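*Asks:* The following block contains the structure, expressed as C-alpha cells.
The values are calculated or read from the model by the stated rules, or taken from the named source; none is laboratory data. Just so we're clear, the structure is a prediction, and the values are computed from it rather than from any experiment. Quick reminder, even Gly has a Cβ in these numbers, built from the backbone with ideal geometry, and neighbours come from all protein chains shown. These area figures cover heavy atoms from the full protein model, side chains too; ligands, DNA and RNA do not enter into them. Shrake-Rupley method; radii C 1.70, N 1.55, O 1.52, S 1.80 Å.
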Amino acid sequence: MSTAVPNENLITERQLSILVKGRQRKNQLKCDAESIAGCVSQRACVYCGARVVLNPVTDAIHLVHGPIGCASYTWDIRGSLSSGSELYRNSFSTDLKENDVIFGGEKKLARAIDELVEKYPAELVFVYSTCVVGVIGDDLEAVCRAASQKHGIKIIPVQSSGFIGNKSAGYRAACDALLRLIEPAGEPRPVKRLNPVPSVNYLGDFNLAGEAWIIGDYLKQIGVEVNVVFTGDSNYRDLKKAPQATLNIMQCAGSMAYLARRMEELYGIPSMQVSFLGLDDTAASLRNIASFLNDPEMKRRVEELIRRETAAVKPQIEHYRSKLLGKKAAVYVGGGFKAISLIKQFREIGIDVVMVGTQTGREEEYQTLHDISDDGTVILDDANPSELERFMTEKGAHLLVGGVKERPLAYKLGVAFIDHNHDRKHPLSGYVGAVNFAREVYSTVCSPVWKYTREIGGGLFAAGKNALPER
Amino acid sequence: MLDCTPKELIERTGGMINPAKTCQPIGAMYAALGIHNCMPHSHGSQGCCAYHRSHLTRHFREPVMATTSSFTEGASVFGGGGNLKTAIKNVFAIYNPDVMAVHTTCLSETIGDDVPTIIKSAEVPEGKLVIHANTPSYQGSHITGFSNMVKGMVTYLARATAEDKKEQVNIIPGFVNPGDMREIKRLADSMGIKFIMFPDTSGVLDSPMTGKFHMFPAGGARVDDIRDAGNSKLTLALGYYASSDAAHLLERNCQVPAVTLKTPIGIKATDELLMLLRGKFVREIPYELEEERGQLVDVMTDCHHHFYGKKVAIFGDPDIIIGLTEFVLSLGMRPVHVLTGTPGATLGGPKGILEKEIKAMLAASGLEGRVKAAGDLFELHQWIKNEPVDLLMGNTYGKYIARAEDIPFVRVGFPVMDRSTHPYMPIVGYRGALRLVEMISSALLDRQDRDAADEDLELVM
Ligand code: SF4
Ligand code: SF4
C-alpha cells in the first residue's frame, strides 16, 4: 500500500483513500471500500443508485416499497427530460407503517399496485425495495409475479435495499431489472432482426437537460440510428427492442458496464466506451463508432460533422479559454469516468484540475485518473467535507464541480461552483454542451459576486479577520 | 403533460401518491442543527443521511453537516451497536463537537438497536455529550422527528437545579425557518423578557458568508442554556405538533409549566403570543410592536378587497397550516381545502387536533371546507379539480398542481427548493404577516394583470 497523506485532521482509516500524484511510489488508492462509521460521507445508497438509473424510464410507475422518506427524497429530483409520458415524475410510496413493519408489507404492496394500475395506464411498474423491506423480508418477487399475472403488465422488483452495498450495487440492481424487462424469465429469447441501418443502444445517458437528444441528433447525422437510450427518455416498448441493436455505446460505465457485458453475452451485441464531454472526446467517440461500423461514407460524414461543429463552437470556447486560463478546478463527482472526461474538458478551456475525487470510482478509473493528472494533484475516494475543504483551500481551487451537497460548501469558501450532477440546468454533452460548459464555468468563476467575498469575506467591518488567503 | 391526476375521487389504502410529508429523521436532524456545536448523527445506512442532508441543503442553500453509522449487511444482521460506538469515537476525534445528537432510521429501528444502552457503553470523551431520539419513519412525519429530537434535548439536558424558578421563558419555536426564529426572539427581546430558545437554527442555517467554512457555525442554542431551561418559570411551545410534547416533558421532569400556542402566523396568533408574555411577565407591549401591529392592520384594510372571497387551498406542516388558515380567514379569504401529510395526532397526544382546530376556525367564519391529516398531494389535486381555487399555498411540490390547474401559487413551508431567500424572511409575527400579505397579493394581482385584456389592464390596483 502506498504511503498516506499525513494529517491529524484526517481520519487514519481514510488516509489510504487519498493520494497526491508524484508523492507516492505506487498509485494504489483504496476505493470502493465501505464508508467509515462516524464520517460525514457524501455517499448515497443502493436504492439511490438503482433509482438514478431507472428513473428516466418515463412511462413506468416507480413504486417505492418502504417508509415515506425514501420516496419523498427522490420525487422528481433528476433533470431527466421526457418527450412523452411524465408519469415518472410522480412519487409513489407504500408509506409503510408500524403494523406493516411488524406483520409484513406484502398485502399493502399488492394493494398499492392494484390501485395504481387502476388509475394510471401503465404497462410497466418498477417496485423498489428499501432497507426496511430487506430486513422484514417481504417477498417482492412473489407479490410482483402475482400482480403481473393479475393485471397483465410487467411488474418488476428492484432489489435495492440500501445496506447491501453502495450506489454501485444499486446500478447493478437496476441493470438486472432492465435485463428482466428485455427478456422476462420463461419467455423465448427475442429474435434478432437485422436492421439495414446500423443502430446503437446508447447506454448511460439519462437525458439530463436533454443531452441524449443532442447526441442522438449527431448520430443521426452520421447515419446511425439510436435504437434506445438506457435510460434517458426511454419507455417500455423501446427498451424491449434493445436486442436489435448493432452496437452498444456506453457513456457512464459506472452504471452500465454490467448491462453492456450481459447484452454482449445474451445477444452478441459488442460494446464500446464513449464520452461526449468536451470537443476531443466527442470527436474521438464519433470516429470510433464509424470505424467500428467500418463504413467509409459514415467516416466521411463524421469528419464533416466534426469540422462543422468544431468551427461553430471554437471561437466561443477560445473566448472563454482566454478568460479562464490559469484558473484551478477541483472535481468531486459520482463516477470515475466522468472525472476523467472532466479533467480533459477543463484542459480544453485552460483550467488545471488540482483535486479530483469520486464517490464510486473503480480501480482502473483511478489508475487512469492518476495517469492523466498533473503532478501534485490530489486524488481521493469518497471524500468528506473537511477533506474537500482542506484540499480546495490548500490547492487554491477557484472552482468546484460537484453535486447538491457540495454547492454551499464551495460558496462558503468563496469558491465558484458548477453542478455536473442531477441539478444541472444546461446540457453539457457534445459541441453545444462544450460551449455551455465553458460558459457556465466562466459565468460562475468570473461572477462579480466573488468580489465581495474575496476582499473582505462578506462582512465589511471584520476586514482582515475573515479575509481569504491569497488566491 | 405533467397532469397525471384523475378527477374522480377514489378510496385508497395502498400508500401515498405525491406525499405531503417526509420522514422523521430529517426533522430530528434539523432540530439537532439548532444546538450550538452539535453534530447530528444518523444511525442507519448512509443513504438516508445523504438524502436528508441533500434535502435540507436544497431548502436552506447551506452546507448541512451530519454523520452516519454507515450500516452494512453485517450491521443489519447483528445490530448496529458496533457501528454506533465506532461512530461516537470517530465523531469526537475528528469533528470535535460539544454534542452529538443521534437519531435512528427505519433500519436501526426495525433491527431494534437499543440506542440509549449503546450510548451508555460507548467511550464519550470527558465533557462531551451524546443525546438521542428514536425516529422511526413508519410513524408520524418529519414533524414528529423534530418533536422527538426536542424531547431528547429535554431528557438529556434540561435540569431543575435552582431553588426558585427564574424570570425567564423557554421558547420552542417549532419546525420553522431560522428567519422565523430570529423574529420570535426579537419579539421577546423587545418586550425585555429573558428567554431560552431551543432548538435555534438561526446563525446555523442562515449563516453569513465569511470566506471560511465552519463545520459548526456560530449560531444555535447553547447547551448550558438548554440545561437552564429546567429552571425557567414557563415554557412556550409554539405549535402543537412540533413543540408541545417536549414542553410537557419539561413540565413533568422539571416542573416548568407548559403553555402551547399556535405558531404565531398572522395577527391573531401573534396577538395571543404577546398577550401571554405580557400576562406572565407583567410587561407592557412596547410601542415598537404596537406600531408594527398597526401597520399590519393598516395594510390589511388598505387591500382587503383584493382578498375578499378568494378561495384558497393550503397544504404543508400542521402547525404552519393552522396559522396560515387563521390568517387567510382574517383577510376574508376562503380556505376550502386544507391538507397535511402528517398524521392527525401528536404521538400520545389527542387525536384530530388539526381537523378540529381548522374546522372550528372555518365554522366561526361561517364556512365549510375539506380538511385532512395524513393526506397526500394527489388527493389535494383531486379536491382542487372538483372544487377549483384562486390560490394555492404550500411547499415547492405544489408547483405541479399550480401548473396543471393554472392557479397562482405562494410558496411557504418546508421544503422550498426552487426559490431563495425564504430561510431569512419570517412569516411569523406582525412583520411576517406583512410579508404574507405581500406574497399573497402579489400572486393574485400578478395573475390578474397577466389575464387582463388590454382594455382592462389597470394601473392602480
Ligand atoms: S429509510 Fe431512511 S430515508 Fe427512508 S423513510 Fe426511513 S429514515 Fe427516511
Ligand atoms: S432506507 Fe435504505 S434505501 Fe432508503 S434511503 Fe435509506 S439507505 Fe437508502
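*Asks:* Suppose we filter the stretch B:125-140 for residues that are closer than 20 Å to B:Ala158 by Cα and in contact with a Lys or Arg (Cβ under 9 Å, 6 or more places away or on another chain); how many remain?
*Replies:* Looking only at that region, the number is 1.
*Asks:* Now a separate question. Which ranges mark the strands (runs of 3 or more DSSP E) fully within the stretch A:317-405 that have 1 or more residues being open to solvent by 10 Å² or more (accessible area, probe 1.4 Å) and in the same structural domain as A:Lys425 (by TED's automatic domain parsing)?
*Replies:* Values: elements: A:328-333, A:352-358, A:378-381, A:399-402.
Once the strands (runs of 3 or more DSSP E) in the stretch A:317-405 are filtered for at least 1 residues that are open to solvent by 10 Å² or more (accessible area, probe 1.4 Å) and in the same structural domain as A:Lys425 (by TED's automatic domain parsing), what remains is A:328-333, A:352-358.
*Asks:* Restricting attention to the stretch A:365-376, does a residue exist that is within 13 Å of chain B (Cβ to nearest Cβ) and modelled with pLDDT of 80 or more? Reasoning before the result, please.
*Replies:* Initial filter on the stretch A:365-376 (within 13 Å of chain B (Cβ to nearest Cβ)): none.
The answer is no; no qualifying residue exists.
*Asks:* In the stretch A:87-111, how many residues are within 9 Å of chain B (Cβ to nearest Cβ) and assigned to a loop (DSSP other than H, G, I, E, B)?
*Replies:* Residues that pass the stated criteria total 6.
*Asks:* Name the residues in the stretch A:327-352 that are out of contact with any Asp or Glu (no Cβ under 8 Å at 6 or more places or on another chain) and not basic (Lys, Arg), would you?
*Replies:* A:Ala330, A:Val331, A:Val333, A:Gly334, A:Leu342, A:Ile343, A:Ile349, A:Gly350, A:Ile351
*Asks:* Considering each residue of the stretch B:378-401, count those that are open to solvent by less than 10 Å² (accessible area, probe 1.4 Å), away from chain A (no Cβ under 14 Å) and in a helix (DSSP H, G or I), and give that number.
*Replies:* Result for the stretch B:378-401: 1.
*Asks:* Could you check how many residues of the stretch A:407-434 are open to solvent by 10 Å² or more (accessible area, probe 1.4 Å), part of a helix (DSSP H, G or I) and in contact (Cβ under 8 Å) with a residue 24 or more places away in the chain?
*Replies:* 1
*Asks:* Follow-up question, since we're still on this one. Can you tell me which condition B:Glu126 does not meet? The list is (1) open to solvent by 20 Å² or more (accessible area, probe 1.4 Å); (2) outside any loop (DSSP other than H, G, I, E, B), and all the others hold.
*Replies:* That leaves (2) as the condition not met.
*Asks:* Select from the stretch B:13-38 the residues that are in contact (Cβ under 8 Å) with a residue 40 or more places away in the chain and more than 16 Å from ligand 2 (Cβ to nearest atom) and list them in ascending order.
*Replies:* Residues of the stretch B:13-38 that are in contact (Cβ under 8 Å) with a residue 40 or more places away in the chain, as a first pass: B:16-38.
Selection gives B:Ile17, B:Asn18, B:Ala20, B:Tyr30, B:Ala31, B:Ala32, B:Leu33, B:Gly34, B:Ile35, B:His36, B:Asn37, B:Cys38.
*Asks:* Looking at the stretch A:139-165, which of the residues that are in contact with a Ser or Thr (Cβ under 9 Å, 6 or more places away or on another chain) and open to solvent by 20 Å² or more (accessible area, probe 1.4 Å) is nearest to ligand 1 (Cβ to nearest atom)?
*Replies:* Quick first cut of the stretch A:139-165, residues in contact with a Ser or Thr (Cβ under 9 Å, 6 or more places away or on another chain) only: A:140, A:154-165.
Then drop every residue that is not open to solvent by 20 Å² or more (accessible area, probe 1.4 Å), which leaves A:154, A:159, A:164-165.
Values: A:Lys154: 26, A:Gln159: 16, A:Ile164: 14, A:Gly165: 16 Å.
Ranking the candidates gives A:Ile164 first.
*Asks:* Would you check which residues across the stretch A:255-273 are closer than 17 Å to A:Phe337 by Cβ, surrounded by fewer than 24 Cβ atoms within 10 Å (Cβ to Cβ) and not charged (D, E, K, R) and list them? Explain how you work it out, then say what you get.
*Replies:* Filtering the stretch A:255-273 for residues closer than 17 Å to A:Phe337 by Cβ gives A:255-261, A:271-273.
Within this subset, residues satisfying the condition of being surrounded by fewer than 24 Cβ atoms within 10 Å (Cβ to Cβ) are A:257-258, A:260-261, A:271-273.
Of everything in the stretch A:255-273, those that are closer than 17 Å to A:Phe337 by Cβ, surrounded by fewer than 24 Cβ atoms within 10 Å (Cβ to Cβ) and not charged (D, E, K, R) turn out to be A:Ala257, A:Tyr258, A:Ala260, A:Ser271, A:Met272, A:Gln273.
*Asks:* Pairs only if they're at least six apart or on different chains, beta carbon under 6 angstrom, first in the stretch A:166-185 and modelled with pLDDT of 90 or more, second among the hydroxyl-bearing types (Ser, Thr, Tyr) and not in a helix (DSSP H, G or I); list them, first residue then second.
*Replies:* A:Gly170/A:Ser160; A:Ala173/A:Ser160
*Asks:* Do we find a residue being among the polar types (S, T, N, Q) and either in contact with a strand residue (DSSP E or B) (Cβ under 8 Å, 6 or more places away or on another chain) or surrounded by 21 or more Cβ atoms within 10 Å (Cβ to Cβ) (or both) anywhere in the stretch B:210-231? Can you show your working first?
*Replies:* Step one: list which residues in the stretch B:210-231 are among the polar types (S, T, N, Q), which gives B:210, B:231.
Subset that is either in contact with a strand residue (DSSP E or B) (Cβ under 8 Å, 6 or more places away or on another chain) or surrounded by 21 or more Cβ atoms within 10 Å (Cβ to Cβ) (or both): B:210, B:231.
For the stretch B:210-231, residues among the polar types (S, T, N, Q) and either in contact with a strand residue (DSSP E or B) (Cβ under 8 Å, 6 or more places away or on another chain) or surrounded by 21 or more Cβ atoms within 10 Å (Cβ to Cβ) (or both): present.
*Asks:* Select from the stretch B:87-117 the residues that are more than 18 Å from B:Cys48 (Cβ to Cβ), within 13 Å of chain A (Cβ to nearest Cβ) and over 25 Å from the mean Cα position of the chain (by Cα) and list them in ascending order.
*Replies:* Restricting attention to the stretch B:87-117, the residues satisfying the condition of being more than 18 Å from B:Cys48 (Cβ to Cβ) are B:88-90, B:92-99, B:114, B:116-117.
Still in the running and within 13 Å of chain A (Cβ to nearest Cβ): B:88-90, B:92-97.
The answer is B:Ile88, B:Lys89, B:Asn90, B:Phe92, B:Ala93, B:Ile94, B:Tyr95, B:Asn96.
*Asks:* If you don't mind, there's one more thing I want to ask. In contact (Cβ under 8 Å) with a residue 60 or more places away in the chain, crowded, with 21+ Cβ neighbours inside 10 Å and within 12 Å of chain B (Cβ to nearest Cβ): is that true of A:Val127 in this structure? Reasoning before the result, please.
*Replies:* On the way: in contact (Cβ under 8 Å) with a residue 60 or more places away in the chain: yes; crowded, with 21+ Cβ neighbours inside 10 Å: yes; within 12 Å of chain B (Cβ to nearest Cβ): yes.
For A:Val127, the condition - in contact (Cβ under 8 Å) with a residue 60 or more places away in the chain, crowded, with 21+ Cβ neighbours inside 10 Å and within 12 Å of chain B (Cβ to nearest Cβ) - is met.
*Asks:* So is A:Ala71 within 12 Å of ligand 1 (Cβ to nearest atom) and either facing another protein chain (nearest Cβ under 7 Å) or touching a strand residue (DSSP E or B) at 6+ places or on another chain (Cβ under 6 Å) (or both) or not? Working first, answer last.
*Replies:* Details: within 12 Å of ligand 1 (Cβ to nearest atom): yes; either facing another protein chain (nearest Cβ under 7 Å) or touching a strand residue (DSSP E or B) at 6+ places or on another chain (Cβ under 6 Å) (or both): yes.
Yes.
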